[in-house]
1. Against the condition away from the ligand (no atom under 16 Å from the Cβ) and either assigned to a helix (DSSP H, G or I) or under 16 Å from the mean Cα position of the chain (by Cα) (or both), how does A607 come out, does it pass?
2. I'm checking my understanding of the structure. Among residues of the range 64-94 that are more than 19 Å from the chain's Cα centre (by Cα) and buried (at least 20 other Cβ atoms within 10 Å of the Cβ), which one is farthest from E382 (Cα to Cα)?
3. Residue by residue through the range 741-779, note down the ones that are within 18 Å of R586 (Cβ to Cβ) and touching a helix residue (DSSP H, G or I) at 6+ places or on another chain (Cβ under 9 Å).
4. State which residue pairs qualify: first residue over 14 Å from E177 (Cα atoms) and assigned by TED's automatic domain parsing to the domain that holds D644 and inside the range 608-626, second residue part of a helix (DSSP H, G or I) and of a type in the set (S, T, N, Q) in any location, beta carbons under 8 Å apart, and separation of 6 or more residues or different chains.
5. Could you tell me which numbered condition G691 fails, if it satisfies all but one of (1) surrounded by 21 or more Cβ atoms within 10 Å (Cβ to Cβ); (2) within 16 Å of the ligand (Cβ to nearest atom); (3) over 19 Å from the mean Cα position of the chain (by Cα); (4) in a loop (DSSP other than H, G, I, E, B)?
6. For L102, work out the one condition from (1) of a type in the set (A, V, I, L, M, F, W, C); (2) away from the ligand (no atom under 16 Å from the Cβ); (3) surrounded by 24 or more Cβ atoms within 10 Å (Cβ to Cβ) it doesn't fulfil.
7. Could you check the range 25-109 for helices (runs of 4 or more DSSP H) lying wholly inside it with 3 or more residues that are closer than 23 Å to G130 by Cα?
8. Within the set of pairs 6 or more residues apart or between chains, which connect a residue that is more than 30 Å from I112 (Cα to Cα) and near the ligand (Cβ under 9 Å from one of its atoms) inside the range 124-141 to a residue that is at pLDDT below 95 and among the small types (G, A, S) with Cβ atoms less than 6 Å apart?
Amino acid sequence: NPPITVPLDECPIIIEDDRTGLSIETIRRALLDNLYYVQGKTPQTATKNDFYMALAYTVRDRLLKRWLSTQLTYRKTPVKTVSYLSAEFLLGPHLINNLISLNLYDPFKKAIEESGLNFQELVDQEEEPGLGNGGLGRLAACYMDSLATLEIPAIGYGIRYEFGIFDQEIKDGWQVEITDKWLQYGNPWEIARPEFAQLVKFGGYTESYYDQDHIYRVRWVPRYTVNGIPYDTPILGYRVNTANTLRLWKAEASESFNFERFNVGDYYGAVRDKVACETISKVLYPNDEQIQGKELRLEQQFFFVSCSLQDMIRIHLNKNASLDNFHEMWSIQLNDTHPAIGVAELMRLLLDENNYDWDTAWNITKNTFAYTNHTLLPEALEKWPLNIFGRMLPRHLEIIYAINHRFLDEVRIHYPNDVSKLACLSIIDETGEKYVRMAHLACVGSFAINGVAALHTELLKSDVLRDFYELYPEKFSNKTNGVTPRRWMVLSNPRMSFTICEKIGDSWIKNLDDLRQLEGYAEDGGFRNYWQQIKKEVKQDLANYIQAKLDIKVDPHSLFDVQVKRIHEYKRQHLNVLNIVTLYNRIKNNPNLDVTPRTFIFGGKAAPGYFMAKLIIKLINSVADVVNNDPVICDRIKVIFLPDYNVTFGQRVYPAADISEQISTAGKEASGTGNMKFSLNGALTIGTLDGANVEIRESVGAENFFLFGLTTEEVYAIRANRYTPRDYYNSDEELKAVLDLISTGFFSHGDPNLFRPIVDNLLYSDPYMLLADYRSYVDAQDAVGCAYRDQDHWGRMSILNVARMGKFSSDRSIKDYCNDIWKTKPFAIDVPEYMQSQA
Ligand code: GLG
C-alpha cells in the first residue's frame, strides 16, 4: 500500500485560500470566522478583547506560511544558526509590528473600520509581553527583529514568565507595584510545542563509574527534575519571507517526580512539589542592574539554559551525524552573564551525556559561546555563593572547578611568579565568602567578548575585565548597540516616517544610513517649517494622552523635555529635578522672568526593593504638585510623571520629545538605547560623555548636541582626590538654595525628613557626582532654553540629528556581530508573490 502521508519535506506548502486571502472582503470574513471558531463568539456577544483576539489570529494566519517555510528551510539546509540566549526579551506589542512587516497595515485597518469597529481600540487591547526590565531585554527584542529582517538563521531562547515586569501605579506620589497578568486572556502570538519538552535536573549528587569501555565517567543523580515546555513566537522580518522563532520555556512538574510521594499516599505533598516546580517561570525579577542572589533566580537561569542547549542538540542531531561540528553550526550569544551557566552545561551535556573527552568537549564549547557584557556597575556583576551553587548544581560546580584548574594552569604559564593574577582571574572568588564569578566563567568559556558602546568597551578593557583583556586581547571587540527603525520610527512615528519617505523614498527603513539624504533638506526653510509642524502634531497627541490619563493640561508649544528609563541613582533623574527646582526658584524670585515654557516629562519604574529610586519618584511627584499648581509659575513649567512606562508608552513618547535627557554620570551607563530612539525621532540630546552618547554626538555633530558634565577621566580623578560634594554646595548659591528648599520640607508639606535621605546622600557622599555636574548641567539647560526660541534653527538641528543617526540601527549592530563574531551569512527564504507586488 502506498503511504497516505507524504514525507514532510516533500509536502509543498500551498495555503493560499480564503483563510489567508488579502482582499478587504476576505479579511473581514476571516475576522468573523476567527471570532466564531476560535473565540466562540458572535459579533453580538463579543467583547473588545474577543475582537482583538480574532484580529490577532487573522494576522497570524497570514504570517504562518512564512514562518513554516522558514523553519522547513532551516531544517533542510546546513545553515549556521545564531542562538541568542537571554533571560529577558522585552518585545512590546506584536500586532502593528507584524502588520507593518507583512505590508498589510492599510487593508487590515480598512477591513476593521468597514466592519464598524474602532481599529485603535482593538489595537489597544493587546497586553504587551513585558518580559524584561529595560535596555538589556529591549536590545534582545531589537536584535531579533534585525536578525529576521537581515535573513539570518537565528533562534532566541528565554523564559516565558507568567508575570512579566510589574505594572506601576502612582498613589500619593509613590510607586505601587501591581502584578502583570499579561497572559490572563491568552496569548494569540505563541504556539505551545509540548512535543519538544525538555527535562531539567536540579540538586542531588554525582557519582562516578566506568562505562563499558572502562572509561571513567560521572553521572548526576538529581534530587528533582523539572519539565520545560517551549512556547514559540514567530519573529517576522520586515518585508522578507524570513520568520525566525523566539522560543520561551515554561516550567512544569515532570511526570516522574511526584511518584514517590504519590505512592506513599501523600497526595497533597506531591501537589505542593508540583506547584514549587512551576514557580521557576512564574515571575521576572524586577531588578535592573542589581543582582538578586536568590536561589530561584539561579534556578531560572539554569532552567532556560539547559532547556535551550538540549533543544539545540536535538535540532543539531536531526541534520548532523554527531555533535563534533556543533560549534561550526551554532554561535551562542550570551546576553550578559544570566545564561553564562551554559558554558558548564554544554560541557556536561558533551562529557556526561554524549561521552566526549574533556579536550574535545572544551574545544566545542569555547568555540560556540560569545559573551556580551552590559554593565560596569559592580553591584550588577553576577556571582553565586558557592554553597547555593553546589547544592543546586553539584555537577556543574565540579565542571567549573575543572575548567578553572586548567585555566589557572594557563595563567600560571603566562604569569610565572605572579600569584595575585591567579586570585584576580580565578572563576572562584576566594577573597572572603566563596563565590562563582559568572563573568569570569563567561570570559573563559567564550571565543568573543564585547561591550555595547565604544567607551564601554574601552572601560571593560581598562577596568572591569582588565586582566582578561591582558590575557586574551584577541577576544575583545566593541559592538555598539542599535535599535530597530521599524518599531522605533515607522510604527511609533508614522507622521515623521511618511514625511521622510516623501522626500527620500523608503530605502532607509532597511538601510538606515540612507537617512543621510535628508541632510540637504535641513537647508530648506519650507521643509524645516513643515518638520516642526509635524513635531507639533505629535506633541499634541501626547498632550491629549496626558490630559486623558492625568487630567493635566500641557501646552504642545512648550519645550517637551523628556527623561524616560529605569529609575536609578546613576541615571540621575534627581539631577533633572535639581534643575527644575532651580528654574522654579528663579521664577519665584523674579515672576516676570522671560523663560522658555517647558514641560518636563518623566517615566520609569524603580526596582521594588530600591529605596532611593522609589524616593526619587516621590520627589518628582512632589515637586510636580507644587510647581504645577503655583499661580506664580503660571504654566511656564509643568512637571509630569507618567506612570507605567513600558514599550507601548515609549512608542508614544519618543516621537514627541524635543529634548532627550541622557544625563548619567560618565562611566556608568554602558550604552543606553533610549538615547538612540529619541535622536532618531528628531529630539536633541542634553547629555554627558557616557555610553553611546559619545558616538551619537560624534555622528550628529557637536553643534547639534548639548554637552555637559565631567568626563570619565575627570570623574576618576576627582574621586581619587577625595570628592567633597559640600564644596559645590557652599560655592554655588543656586544649588544651595535648591537643596535648602527641599530640606526644609517645602515639597513635602513641611516634613523636613521625607527627602532627607536624598539631600544627605548628595551632601555627604554623592556617589554619582550630581553636585559636581550641577552647574554645568544647569548652564547647558539654559542654552537649551535659548536655542529652542529659534524654532527655525532648532528645526535644522532636529533634521540633522535624524539624518546622521543611521549608524544606530540594530541592523548595523547585527551585521557587525555576524561578520566579526558569529561568521554567519543571510539565507533568503522564497518570497511569496503578493509581497513583491505590493509597494
Ligand atoms: C544595560 C545597560 C544599558 C545598555 C543595555 C543594552 O545599562 O546601558 O544600553 O544594557 O546593552 N542593563 C541594561 O539595561
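1. Numbers: away from the ligand (no atom under 16 Å from the Cβ): no; either assigned to a helix (DSSP H, G or I) or under 16 Å from the mean Cα position of the chain (by Cα) (or both): yes.
Criteria not met by A607.
2. First, pick out the residues of the range 64-94 that are more than 19 Å from the chain's Cα centre (by Cα): 64-81.
Within this subset, residues satisfying the condition of being buried (at least 20 other Cβ atoms within 10 Å of the Cβ) are 66-67, 70, 74, 81.
Values: R66: 39, W67: 36, T70: 36, Y74: 35, T81: 28 Å.
My answer is R66.
3. Hits for the range 741-779 are L741, I742, F746, F747, Y774, R775, Y777, V778.
4. Partner pairs satisfying both residue conditions: M612/N761; I616/Q573; I620/Q573.
5. (3)
6. (3)
7. Details: elements: 48-61, 64-76, 95-102.
The qualifying helices (runs of 4 or more DSSP H) are 48-61, 95-102.
8. Nothing qualifies.
The values are calculated or read from the model by the stated rules, or taken from the named source; none is laboratory data. The structure presented is a predicted model; accordingly, all values stated were derived computationally and were not measured. When we count neighbours, we look across all protein chains shown, and the Cβ atoms used for this are built from the backbone with ideal geometry, even at glycine.
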